[in-house]
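Heads up: the structure comes next, in structure tokens.
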Amino acid sequence: MSTSAAVPPLQAILSAIANAKPRPGRPAARLLAVSKTRGAEAVAALAAQGQRAFGENYVQEALPKIAALRGQGLEWHLIGHLQSNKAREAAQAFDWVQSVDRAKLVEALARHRPPEAGPLNVLIQVNIDDEASKSGCRPQDVSALAEAVAAQPRLRLRGLMAIPAPDPDIARRRAAFRAMSSLFDALAARHAGVDTLSMGMSEDYLDAIAEGATMVRIGSALFGPRAPKKETNA
Ligand SMILES: *Cc1c(COP(=O)(O)O)cnc(C)c1O
């Protein structure tokens, strides 16, 4: 997508984030650039503008991009559902896993995190409002899962992540963000080092920041619309 806009999307989004009023007590939000379906060149172009943190949904899709851009000081976040049989590759290649939602995955990631890499940063994904979704733990399971993460020296508990249902009613979406914010406050009160609440995407990141997000995950507003999802299982 070539565009003649004077302000590149990255700069426009960074200033929108900088001008957003955070919830009292929250630091300014960080931008995670969601690079799923985009090639390594698209990532490199944003990196050249200063963007460091990138999010990917699929381990297999991410590995070649991570390899191609090694040595550039980028920070890679896994934000998609993680199958246990991919935990080894994820623990080796990523800096953060935001989609930890079960004890089995906690153990697998800790077991496979290479000792020479620093601890793997972990967010617990919470299924805050979508009963049908298979990803994310229940809000009442956060405490036990957090204890399990905190007990692993190879992992570092950083906070929570959520993908609220794309409800056209923004008031209901904001209620989900608010519920996440209280869960986050309760977690941060019990665990030192918890500093990240990842929520909000292209359509609603300013609402998420207003309700307490410290990290927003933005794809299409940065890179342009994604091609429709392929039906093949790549
Ligand atoms: C794709 C994706 C995003 C980014 O969505 P956009 O609407 O393109 O900004 C954020 N978080 C997760 C978990 C995603 O899968």
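Coordinate-derived values only; no laboratory data. All figures in this text were calculated on a predicted structure; none of them were measured in a lab. Here the Cβ is made from the backbone with ideal geometry for all residues, glycine too, and neighbour counts use every protein chain on show.
For segment 1-114, what class follows from the C-alpha gyration tensor (a ≥ b ≥ c being the square roots of its eigenvalues): rounded when a/c is under 1.5, otherwise prolate if a/b is larger than b/c, else oblate? Here segment 1-114 falls in the oblate category.
Looking at the chain, identify the longest residue range that excludes and avoids all trypsin sites (Lys or Arg not before Pro) in DSSP loops having at most 10 other Cβ atoms within 10 Å.
Values: sites that count: ARG70, LYS134, LYS229, LYS230.
It runs 135-228.
A Cβ-based charge dipole, computed about the Cα centre of segment 65-151 with Lys and Arg at +1 and Asp and Glu at -1, lands at about 380 debye.
Taking the Cα centre as origin and putting +1 on Lys and Arg beta-carbons and -1 on Asp and Glu beta-carbons, what dipole magnitude results for segment 9-223, to the nearest 20 debye? Each step should come with its number before you reach the end.
Numbers: 26 positive and 22 negative charges, 81 e Å.
Dipole about the Cα centre, nearest 20: 400 debye.
Considering only alpha-carbon pairs that sit under 8 angstrom and 6 or more positions apart, the relative contact order computed for the chain is 20 percent.
Positive contributions from Lys and Arg (+1) and negative ones from Asp and Glu (-1), summed over other residues with Cβ under 13 Å from the Cβ of ALA44, come out at +3. When the charge dipole of segment 9-223 is built from unit charges on Cβ atoms (+1 for Lys and Arg, -1 for Asp and Glu) and taken about the Cα centre, the candidate among ALA53, ALA165, PRO114 whose Cα reaches farthest toward its positive end is PRO114.
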